[in-house]
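Written below as structure tokens is the structure these notes are about.
Quick note: the coordinates plus some simple rules give every number you see, no bench work behind them. Quantities reported herein were computed from a predicted structural model and do not represent experimental measurements. Quick reminder, even Gly has a Cβ in these numbers, built from the backbone with ideal geometry, and neighbours come from all protein chains shown.
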Amino acid sequence: MASIILCNLPFASAKRPSLQAGLLKGLAEQAGWRCSTLHLNLDFAVLIGSERYELLCQHRGVQLSDWLFSVAAFGASAPDPDGQLLQDLPPSFFTELQRLDIDDAPAWLLRLRHAVVPAYVSACGQAVLAADAEVVGFTSTFQQNTASFALARWLKQAQPRIQTLFGGANFDDVMGLEYVRSVPAVDFAAIGEADDSFPRWLRAMAKGEDAGAVEGIASRRPDGSVRYQPVGKPFERLDDLPVPDYAEYFTRAERLGFFDGQAGRAVDLPVEGARGCWWGEKHHCVFCGLNAGTMKFRSKSPQRFVDEVTALTRNYRSLHIETVDNIIDMSYFQTVLPIMQQLKASWNIFYEVKSNLTPDQIATLANAGVRRIQPGIESLSSPVLKLMRKGVRGIQNVNLLRWCRYHGIRVSWNLLWGFPGEAREHYDEQRALLPKLVHLQPPDGCGRLWMERFSPLYTQRELLGVTDIRPSASYRHVYPETVDLSRAAYFFDYAVQGALPDETFHPIAEFIEQWRTWAKGTPRPQLSCQSAPGYVRITDTRTPDRTGAYELGDELATVYQAFLDRPTSADMVARSTGIEVGRVHEAVQAFVDRELMMQEDTLALALAVPERAPT
């Protein structure tokens, strides 16, 4: 029986096993191969310290992490021997390293690159050789490329008979074809989804057939050109896929002492419920580069998905579930989530959702064990959200933050700028709004949007007024000249016609930093309310100079309560309550003046978060 090893290398987070490796292991075994995984990223995390490692995992804007392995990957042809890239790093990164007891960050990073990394790659190579596999596979997303190339290069030098197979998001479309052409250690690459092509390639390899002829697999011809026949359509039989096998990750993590000092195994278990994006099929968000050729939305049947979640929890003794779906299947609100609620499990689930969820849908998420979401809040300005093609309004985003605060759901969100067509007033208005929201969760960060390959910003550049597109400058410090970066790069630098100057956004960035500080303090800023029919009590401690309470009775209480659930209009409230519309407008204006409500066009929303009843 032939054997294959699937490697997961830096800089994939060490806090979770690789879904790709776990899934492909099952597919390989179904194809008749012996297969093992090696989560070698764990070794590097333990080697340099897990906090430092995770900091490097997060640093995608500048190709620092790939730079660390570029000499090991390309040898004498690697660029930037003197570390010029380090001059492009933001000061905040060095501050973070100082917090982690690295006083001379440039010297530490250079030592990693020239001393620690070569020894690590050699140790990894010896571990792979000991398994005596015919094929070594590498999954690569974001900054996993050069670590994977480095190990593949070492293996090919040590044992030329080994065949290497690469795949993952970094090998989508033309990027994968370029790496096959230009990186000698890459023998084959699975382009796009490999659920069909990978096992067919393995069967061809086992039979001694022409594996390079398999659809979806790229290979290099003797003359240096690339051979490739694309797959006709995305994989749809998601229920037929095996449950991912994460056993090696946990065995390795325990042997390395990765869980030492932790209370239990609070590891996120990746699980897949759906692929593609049903929103992107209709309105591709302007900055999103996901789903290169697989935007078509597909999902697992409800019971199959629930069974997989429960199996992973039982097998690996972690209650933390990280769904990798780009967006939740909305039918799951009627199927999957009620089933999970009935199971009464203590799950801590992460999900990506759309931000225009209703309060009832947010409650359904919470009741099913969803404790973390990424809803795609990238702005609180409706005009900017329209430029993004988000299909949601700023006031809806605020309401989502309110109800997630109520239900104790953590929201991962950012505030972005730099969109073609935006105006200064869009950011002046957001800056004026932010102080009213400090009782809600602040954004994780803010900044100018990146350009990603496959996003409309890249593919529709002329329509959007985008010019001067070129691979992000830091790539030239990582890859040798033999790699055509116009084909291999995922991130790009660019210019926007009529772009606003950076100083336009400084007031927002400064306030968000202050907001994040307040959110970590004690007591946390609060705007909450208690209510009963005809009575509302509002507590406002958002700022020290205006701490106080409001008591509303009768008509005013009724009006405020009518705007608590979701954004609505004064006309709608007048019809539902019987209060004269002019009086509703007067009440709304009074609440807006006191910053107890926000107003957007004809819609208004109460900003106070209802207090939960004691249990």
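Overview of values
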{"read-out": "Qualifying GluC sites (Glu not before Pro) in the range 465-532, DSSP loop, other Cβ atoms within 10 Å at most 14", "value": "GLU481"}
{"read-out": "Long pairs among LYS282/LYS344; LYS15/LYS233; LYS15/LYS344; LYS282/LYS436; LYS233/LYS390, criterion Cα-Cα beyond 30 Å", "value": "LYS282/LYS344; LYS15/LYS233; LYS282/LYS436"}
{"read-out": "MRE, 222 nm, helices only [DSSP H, n ≥ 4, -39500 (n - 2.57), over the chain, to nearest 500]", "value": "-11000 deg cm²/dmol"}
{"read-out": "Net charge over other residues, Cβ less than 14 angstrom from the Cβ of THR482 (K, R count +1; D, E count -1)", "value": "+2"}
{"read-out": "Order of ILE217, ILE512, ILE409 under a 10 Å beta carbon neighbour criterion, fewest first", "value": "ILE512, ILE409, ILE217"}
{"read-out": "0 to 90° range, to nearest 10: angle between helix 424-433 axis and the chain longest Cα axis", "value": "70 degrees"}
{"read-out": "Electrostatic dipole magnitude of the range 3-227 [Cβ: Lys, Arg +1; Asp, Glu -1; Cα centre; debye, to 20]", "value": "500 debye"}
{"read-out": "Along principal axes, Cα extents of the range 527-610, largest first, whole Å", "value": "37, 28, 19"}
{"read-out": "Added length on full extension, which subtracts the Cα-Cα distance from 0.36 nm per residue, THR517 to THR547", "value": "8.9 nm"}
{"read-out": "Among beta bridges that DSSP assigns inside the chain, antiparallel share in %, nearest 5", "value": "50 percent"}
{"read-out": "Sites VAL243 and SER13 - FRET efficiency at Förster radius 22 Å, r taken between beta-carbons, to 0.05", "value": "0.55"}
{"read-out": "Estimated FRET transfer efficiency (ARG34, ALA495; beta-carbon r; R0 45 Å; 0.05)", "value": "0.30"}
{"read-out": "FRET efficiency, 1/(1 + (r/R0)^6) with R0 51 Å, evaluated for GLN460 and ASP260 via beta carbons", "value": "0.55"}
{"read-out": "ALA509-GLN342 pseudo-label distance in nm [points 7 Å out on the Cα-to-Cβ vector]", "value": "5.1 nm"}
{"read-out": "Between 0 and 90°, nearest 10: helix 173-182 axis offset from the chain longest Cα axis", "value": "30 degrees"}
{"read-out": "Cα long-axis angle, helix 359-368 against the chain (0 to 90 degrees, to the nearest 10)", "value": "50 degrees"}
{"read-out": "At 0.890 mPa s and 25 °C, Stokes diffusion of the chain via Kirkwood alpha-carbon radius, µm² per second", "value": "93 µm²/s"}
{"read-out": "Net charge over other residues, Cβ less than 10 angstrom from the Cβ of VAL398 (K, R count +1; D, E count -1)", "value": "+2"}
